[in-house]
Amino acid sequence: MFTISTPKSEQELNDYFHFRWQWLREQWGFPEGSEKDEYETVSEHRVILNPSGEIVACGRIHLNTAEEAQIRHIAVDKKYRRKGVGHLILGALEVVARDLGAKRTVTNSRETSISFFSSCGYSIEKEAPVELGKLKRKHMFKLLVDNNVLVLHPQWCKELQDTWHEKIPITEHMGITLHQYTERTIETRASLNKNINLHGSMFAGSIFSQATLTGWGMIFLQLKQKEMQGEIVLGDGNIHYHKPITMRPRAICNIESVKARFDLLKANKKCPIELTVDIHDGDVSVASFTGKYWVIPEKKEA
């Protein structure tokens, strides 16, 4: 039985880099240390361990942009090749990419591994820079699609995501994305790497911002559904933190928590709305946000 692990301790990281050098650099005569580059500290690293706790495969992933993640340095011990271990490490890295909010993954594949990546859904996009001064490579990509995610009214959802990025540019830098909408529930995700503090957890201010935007997004989509318009503003917001976020930031707002006077908006008056947003780290509840918003009717032309 194999185990997916994240190297964290100094010894685990040393073993991880040694394994990477052993299978990706040693045979070409490059010294230890040559397997590292300037992206190590901003990357996510994963290893596959056998039942004895030995590394049998490794890989790394980092964001190129808010929507693109690059996979590099996949290596598999020769004794474990053609046993599904390569697919296991690649799948683990793609899970990380999705959690970071990436829409696609890319990799620069050596000619000997093109068939492997092709079998995993990757397509050749263009030529890639030669590696180690001698190894030809192809730039390959794969679009990430989560078939378990339900997104109703995709055009409205795209408009919401575009509105966030255009009018609140920091949302893109924070990696905040609309993950799911079902008319009764909205869920957003955020990138932990882009919002991490010196303690290795998510900034409290980032959690508050994600919660605020999730509530704002629920109102935006409800207005679309009711064929109503207005300017959404936050009047007041309170959040209670229970635990830190150290893995996967999620914010969820359910329609049952929304209390709104849409009849006032129909009468061209300000509409008060109260709602609750639950914050999770993966599946663990870590905070609760209560927001009081106003929808201000659009001014009618004289």
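A few notes on this one:
- Residues of segment 107-134 satisfying the condition of being modelled with pLDDT under 85 and surrounded by 11 or more Cβ atoms within 10 Å (Cβ to Cβ): 127, 128, 130, 131, 132
Every residue, every condition in (1) surrounded by fewer than 18 Cβ atoms within 10 Å (Cβ to Cβ); (2) out of contact with any strand residue (DSSP E or B) (no Cβ under 7 Å at 6 or more places or on another chain); (3) of a type in the set (Ser, Thr, Tyr); (4) under 22 Å from residue 142 (Cα atoms), yes or no:
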{"position": "3", "(1), (2), (3), (4)": "yes, no, yes, no"}
{"position": "14", "(1), (2), (3), (4)": "yes, yes, no, no"}
{"position": "18", "(1), (2), (3), (4)": "yes, yes, no, no"}
{"position": "53", "(1), (2), (3), (4)": "yes, yes, no, no"}
{"position": "59", "(1), (2), (3), (4)": "no, no, no, yes"}
{"position": "70", "(1), (2), (3), (4)": "no, no, no, yes"}
{"position": "73", "(1), (2), (3), (4)": "no, no, no, yes"}
{"position": "94", "(1), (2), (3), (4)": "no, no, no, yes"}
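- The set of residues in segment 164-180 that are out of contact with any Asp or Glu (no Cβ under 8 Å at 6 or more places or on another chain), assigned to a helix (DSSP H, G or I) and either surrounded by 15 or more Cβ atoms within 10 Å (Cβ to Cβ) or free of Cβ contacts under 8 Å to residues at least 12 places away in the same chain (or both) comprises 166, 167, 171, 172.
- Within segment 189-234, if we keep just the residues that are among the hydroxyl-bearing types (Ser, Thr, Tyr) and at pLDDT 95 or above, the residue that is farthest from residue 96 (Cα to Cα) turns out to be 212.
- Hey, residue 238 part of a loop (DSSP other than H, G, I, E, B) and not assigned by TED's automatic domain parsing to the domain that holds residue 44 or not: no
- Listed by first and then second residue, the pairs linking a residue in segment 55-78 that is in contact (Cβ under 8 Å) with a residue 60 or more places away in the chain to a residue that is among the basic types (Lys, Arg) and buried (at least 18 other Cβ atoms within 10 Å of the Cβ), with Cβ atoms under 7 Å apart and 6 or more places separating them unless they lie on different chains, form an empty list.
- Considering segment 241-255, and only residues there that are in a strand (DSSP E or B) and farther than 14 Å from residue 218 by Cα, the residue that is modelled with the highest pLDDT turns out to be 241.
- Some residue of segment 50-62 being among the aliphatic types (A, V, I, L, M), touching a Lys or Arg at 6+ places or on another chain (Cβ under 6 Å) and closer than 22 Å to residue 247 by Cβ: no
- Condition met for residue 298 (in contact with a strand residue (DSSP E or B) (Cβ under 8 Å, 6 or more places away or on another chain) and at pLDDT below 95): yes
- Residue in segment 260-273 that is touching a strand residue (DSSP E or B) at 6+ places or on another chain (Cβ under 8 Å) and either within 19 Å of residue 179 (Cα to Cα) or among the hydroxyl-bearing types (Ser, Thr, Tyr) (or both) present: no
The values are calculated or read from the model by the stated rules, or taken from the named source; none is laboratory data. Fair warning: this is a prediction, and the values are worked out from it, not measured in the lab. Cβ sites come from the backbone with ideal geometry, for glycine too, and all protein chains shown count toward neighbours.
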